[in-house]
Amino acid sequence: TTLKALGIICLLAGLVSLPNILYYKSTRYSVVGQPRSQVKFLTIGSAICTDQPWVPCSDCTKEQFKNEAMYRFASTCPPNNNVENTNCTVFVKKNNCLGAELQQGITNLVALGFIFVAMLFFNWYVRAKAIDFDEDEQTAQDYSILISNPPSDAYEPDEWKHFFHENFDVQVTVCTVVVANDLLLQVLHDLRDKQRQLDTLLLCMHQSHTIAEHTDIAKLAADALTNSTAVGRLVRSILRQTLGFGWDLPSLYEQALVLTHRARGLAQVQHKVSKVFVTFETEEDQRLILNNFSYGKLDVWRHQRRQTSGTVVVPNDCLFRGTHALIVTEPAEPSAIRWDNLDDTLESQVISLSITTFVCICAVVLIAFIVSLCRQISPVFAAIVISVFNVIFPIFANLMTNMESHTDEGHKQRSLYIKIALFRWVNTAIVILVITPFTTIISYGRTGLINQIYAVFLADIFTANVLQYVNIGGQIQRHFSAPRAPDQERMNMCFRGTPYDLAERYTSLTKILFFAFFYSAIYPATYFFAAAAFFVNYFVDKFSILRSWAAAPKLGTQVSEFSRKFFLNGCIIALAVMTSYLLSGFPFDNLCALGDSVTVDATYEIYPYAPPQESQEEPVIVTVNAGDAAYKYCNQNLLSMHVFPALPVFQPVNSQWMTVGQERVTNIYGWTSFGVVAFFLLVLCWRLGKLAFTVIHGGYKSHGRDMNINFSDVDVIDSYVPQVKSEQYAYPLIACNIDNICESLMSWKDPSQPYDYYNLTKDVAGIFEGTNFTVHDNAFSKIAHWPPDDDE
């Protein structure tokens, strides 16, 4: 829906901008037009200026043009002479193109107004569709609540059921009491992985692939250790510590023993309750509870500090055990819960997020430096490098985000979205502007900015989509790894599909939109490029979802809402602000006319500047006629002056370059950009204030209709069963005892293995077998199910 809608919006915005495209290609903009010999076909109708004569400049030096000197600076003195010699006449290229006229300004304003209104309608449409989708499918989230601050000793689901039934007369169907046993789950998970690797290794050695006979495995490990060399052991140890591979039979067996004893110790510890999920039989019951517990965290804090001054802050019915004020919210979908992070503290979450964000910022700076080096080789090469990094960086960002602590996949995807989106905005749009010399923005050569924009768009449309369509990793899994799998289960895992992140797909969308909006003032056809990219992405993504990608967890609308509220608004801000700066910069040559003109006709032989390491170009014959304007250097880049908004009043004294029409357009668009920024800042402040008010004072508002369908009547629905995902198994590992719940509450079923095969609690029972120790009753989370036909 989003791809199609934005594709249509960009297509219509391109049609609105057609007058600018026609103007740029006409002789009204440039006397010589845009001949095909100098302008690529798909850049015709952009602001590329092909009329660039050499003109005398009284005070220009090559230092003023810095990296631009080799394209625009020349002198009558041969290269071996001192250019600063007073007998030398300096020439600089002048852009004789009439940009930023009233027609352009009006067209850009109409396009901005259309996009602004279209985005408002788009936001309303997406919100309405989200509610429709939610009403079309009943999920556990529609019936459930999350208690984020339960008493640390409230272990029994029956107590929670009794509390809600007695105080609010609601029917509890499922209750999950989650304990802070993430260390135990991590150890059991690692132990499973090491045992699976041992199975695979033993099978490859043509031995039994079960680990029931520990004595035989111990002897095999001892034999392998005896036959190994000291150098081999050292190399494998280094590989294990640094890259995570290099595991052989002795090291796997040793690690499995260590993990077994560690799990045995952790399973004897009583873990505190960290979260409680309660699922009611009806949506009405859930909404009743959420409404009653809609007080804010400030009220909870005041209750805990007994600072109510006689005023009832938290109703007595909402006090668990008569004293404990609960914080109740609507949870994420069961498949989106990250069970191994639920008990992490806010401090640990902030620390991990800060470290990974800092690392990602350093990576962005490094990649920007690499792109700038590549541009010195070739703009086309730089465009390819940008496109490649747009594919590689999400993998790196995903690794960083996996190190963070998030309670559900929605929060994780939002963190990933921010990292990738900011990188792609910087890498694709901002870096190009920063490293491209100002006076080559509308140049027609290979170093011109518009040609780079064109190259990046083509590389982005084709490179990323071709790689996604081909799906090299998936092809290797299906056609190389699957036939060589040691058993049926691991062969089936090769056909699970390629994992994908919704955050990455949304950042691809916002990157294209941001890039198109950023440069639309000088390249109106970017709207059409963006529309083409959206439509191509739509069909390629549709193919990937149906044919090659793995199923993603149900994330809800978190990423979509965050994208619309912040990043799509940021794209509109970029459109308004950058258009104002680009219109103010015409003609992008850093030349201002002097009051005096040339008095006599003259012909000069000038030598274009070339760096010492490059060969000198042939001299150029330039004729200057009497009455031609003389020029001086002046900085036309208001963006480099750090002024906002871009207004004619900020032109340096005695260095005004804008025409009368350009000043009028820049005034209008400069104040428009200021209004757009102010509007979205007010919206941001309002949203942040509303969020703060909700957190402090509470409040609940239901979305969508109550469908009047009971939880137990839904044909396919899961519940909040603690699970840990593993790359070594086709299905998640279960982290609680599910003997007393219906199998229909599970979101998956392995046709070849029972649920006990994936249950970590059964692993612990095996670890304690033959010992005098027992598993603590509160070592694992607990889940209870009360079908509606059960007696109360």
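Brief remarks on what is shown
- Residues of region 154-181 classified as among the β-branched types (Val, Ile, Thr) and in a loop (DSSP other than H, G, I, E, B), total: 1
- Residue in region 116-160 that is nearest to the chain's Cα centre (by Cα), counting only those that are surrounded by 14 or more Cβ atoms within 10 Å (Cβ to Cβ) and of a type in the set (S, T, N, Q): Asn123
- Filter result for the condition that a residue is open to solvent by 60 Å² or more (accessible area, probe 1.4 Å) and in contact (Cβ under 8 Å) with a residue 12 or more places away in the chain, over Pro732, Pro788: Pro788
- So Gln104, is it at pLDDT below 90, crowded, with 20+ Cβ neighbours inside 10 Å, out of contact with any Asp or Glu (no Cβ under 9 Å at 6 or more places or on another chain) and part of a helix (DSSP H, G or I): yes
- Sub-8 Å Cβ pairs linking a first residue in region 126-153 that is over 30 Å from Arg321 (Cα atoms) and in a helix (DSSP H, G or I) to a second residue that is open to solvent by less than 30 Å² (accessible area, probe 1.4 Å) and aliphatic (A, V, I, L, M), at least 6 apart or interchain, are Val126/Ala5, ordered by first then second residue.
- The residues on offer are Pro524, Pro499, and the sole one that is open to solvent by 70 Å² or more (accessible area, probe 1.4 Å), under 29 Å from Asn427 (Cα atoms) and touching a residue at least 24 places away in the same chain (Cβ under 8 Å) is Pro499.
- Which numbered condition Gly445 fails, given (1) touching a residue at least 12 places away in the same chain (Cβ under 8 Å); (2) assigned to a helix (DSSP H, G or I); (3) not β-branched (Val, Ile, Thr): (2)
Condition check ((1) more than 30 Å from Val714 (Cα to Cα); (2) modelled with pLDDT under 85) across all residues:
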residue: Thr229; (1), (2): yes, yes
residue: Leu259; (1), (2): yes, no
residue: Ala263; (1), (2): yes, no
residue: Gln268; (1), (2): yes, no
residue: Glu284; (1), (2): no, no
residue: Arg287; (1), (2): no, no
residue: Asn291; (1), (2): no, no
residue: Thr329; (1), (2): no, no
residue: Trp339; (1), (2): no, no
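- Condition met for Tyr454 (open to solvent by 50 Å² or more (accessible area, probe 1.4 Å) and over 30 Å from Pro331 (Cβ atoms)): no
- Segments classed as helices (runs of 4 or more DSSP H), wholly inside region 477-555, with at least 3 members that are over 29 Å from Phe41 (Cβ atoms) and touching a Leu at 6+ places or on another chain (Cβ under 9 Å): 502-519
- Candidate set from region 364-384 (those that are among the aliphatic types (A, V, I, L, M) and open to solvent by less than 20 Å² (accessible area, probe 1.4 Å)); member that is farthest from Asp460 (Cα to Cα): Ile367
- Region 165-188 - residue that is closer than 16 Å to Gln141 by Cα and among the hydrophobic types (A, V, I, L, M, F, W, C) and, of those, surrounded by the most Cβ atoms within 10 Å (Cβ to Cβ): Val174
- Pairs with Cβ under 8 Å, 6+ apart, first in region 755-769 and in contact (Cβ under 8 Å) with a residue 40 or more places away in the chain, second open to solvent by 60 Å² or more (accessible area, probe 1.4 Å): Phe768/Thr774
- Here Glu404 meets each of (1) crowded, with 19+ Cβ neighbours inside 10 Å; (2) in a helix (DSSP H, G or I); (3) without any contact (Cβ under 8 Å) to a residue 60 or more places away in the chain with one exception, condition (2).
The values are calculated or read from the model by the stated rules, or taken from the named source; none is laboratory data. It should be emphasised that the depicted structure is a prediction, and the values quoted were computed from it without experimental measurement. Here the Cβ is made from the backbone with ideal geometry for all residues, glycine too, and neighbour counts use every protein chain on show. Note: accessible area is taken over every heavy atom of the protein model, side chains too, but ligands, DNA and RNA are not part of it. Shrake-Rupley method; radii C 1.70, N 1.55, O 1.52, S 1.80 Å.
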